[in-house]
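**Q** Have a look at this one.
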Amino acid sequence: MLSGSFEYGSEVSLTTFRAYVEKQYPIKTNLIAYSSEDDDPSLAALDDADALLVFTRRLNTDGASLRQFQNYCEQGRPIVGVRTASHAYQNWLAFDKDVLGGDYQGHYGSGPMTRVEIVKAEHPILKGIPAFNCYGSLYKNPSLCDDTSLLLMGHTDEHSEPIAWTRLHNGGRVCYTSLGHQSDFEVEPFLRFLAQSILWISEEI
């Protein structure tokens, strides 16, 4: 798991998720936390990873670790993107469309909760997950790539947007969700969604 979304306190959130997922599922995690937006840690651990969860935001990385990240993606290896992963690295904003299949165009104002609608209940990621509410502003993704498969829609009183989908990138499974506000990590269905996303991209379910 890569943590580097300082606006959302991703290290705290992913530590919460780590405790949940390792207790409830046969998943072992390794958390790499960027110390600042200018940090450039080694991502050599990706060489042995079975899956990668990305929760970073506009990191200024432009060195060896960015190349390691890009190499991982180009090899078609499994990826889960969380919220600001749509703009994970400032020097590779194409990651959103090219890898995740998204079209991040900012977000609506904060305030209203997001009502989460299950779109594809038969998908393994969504097994046992009911409709639920989440926090944080609703991201705009008006034009997803044609090869995405929509899992969840988010609704407020005024707006509706896709908030989770899957696709294949270079033969590897990818899942992205624009959910991931700090309070979302207190919502059990959301934690379950992330855990089952990891299992699905790893072809374990």
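**Q** Considering only SER110, SER86, SER65, give the residue with the highest GNM mean-square fluctuation for the chain, with springs between Cα atoms whenever their separation is below 10 Å.
**A** Of SER110, SER86, SER65, the Gaussian network model singles out SER110 as fluctuating most.
**Q** Taking R0 as 41 Å, what FRET efficiency do you get between LYS28 and GLU158 from their Cβ-Cβ distance, rounded to the nearest 0.05?
**A** According to the calculation, E is roughly 0.45.
**Q** For segment 2-201, what class follows from the C-alpha gyration tensor (a ≥ b ≥ c being the square roots of its eigenvalues): rounded when a/c is under 1.5, otherwise prolate if a/b is larger than b/c, else oblate?
**A** Here segment 2-201 falls in the rounded category.
**Q** Also, quick follow-up: Which listed residue (PHE95, ALA121, CYS145) has the Cα farthest towards the positive end of the charge dipole for the chain, taking +1 on Lys and Arg C-beta and -1 on Asp and Glu C-beta about the Cα centre?
**A** Most positive-ward Cα: ALA121.
**Q** Right, something else. Mind listing the long-range amide H neighbours of PHE132? Cut-off is under 5 Å, sequence gap 5 or more, other chains count too, H placed in the peptide plane at 1.01 Å from N.
**A** When sequence neighbours closer than 5 places are left aside, the close amide H contacts are VAL116.
**Q** What is the antiparallel percent of DSSP beta bridges lying wholly in segment 2-201, to the nearest 5?
**A** Taking every DSSP beta bridge within segment 2-201, about 60 percent pair in antiparallel fashion.
**Q** Something else: Rank by packing, highest mean first: peptides 79-85, 20-26, 190-196, 167-173, with packing defined as the count of other Cβ atoms within 10 Å averaged across residues.
**A** 79-85, 190-196, 167-173, 20-26
**Q** On to the next question. Karplus couplings for segment 109-117 from phi (6.51 cos²θ - 1.76 cosθ + 1.60, θ = phi - 60°), rounded to Hz, Gly and Pro as x?
**A** Those phi angles translate into x, 6, x, x, 6, 9, 8, 9, 9 Hz.
**Q** Using a 7 Å offset from the Cα along the Cα-to-Cβ direction at both VAL119 and GLU7, what is the distance between the two label points in nm, to one decimal?
**A** Each label point lies 7 Å from its Cα, and together they span 2.3 nm.
**Q** Further, regarding this structure: Can you work out ³J(HN,Hα) from phi for every residue in segment 79-91, in order, using Karplus 6.51 cos²θ - 1.76 cosθ + 1.60 and θ = phi - 60°, giving whole Hz and x for Gly and Pro?
**A** Values, residue by residue: 9, 10, x, 10, 6, 6, 4, 5, 9, 5, 10, 4, 8 Hz.
**Q** Next up: About its Cα centre, how strong a charge dipole does the chain have in debye, to the nearest 20, once Lys and Arg get +1 and Asp and Glu get -1 at the Cβ?
**A** Its charge dipole is roughly 340 debye.
Where a number appears in this text, it was derived from the coordinates with a stated rule and is not lab data. Owing to the predicted nature of the structure, the values given are computational and were not obtained by experimental measurement. All Cβ positions, even for glycine, are placed from backbone atoms using ideal geometry, and neighbour counts span all protein chains on display.
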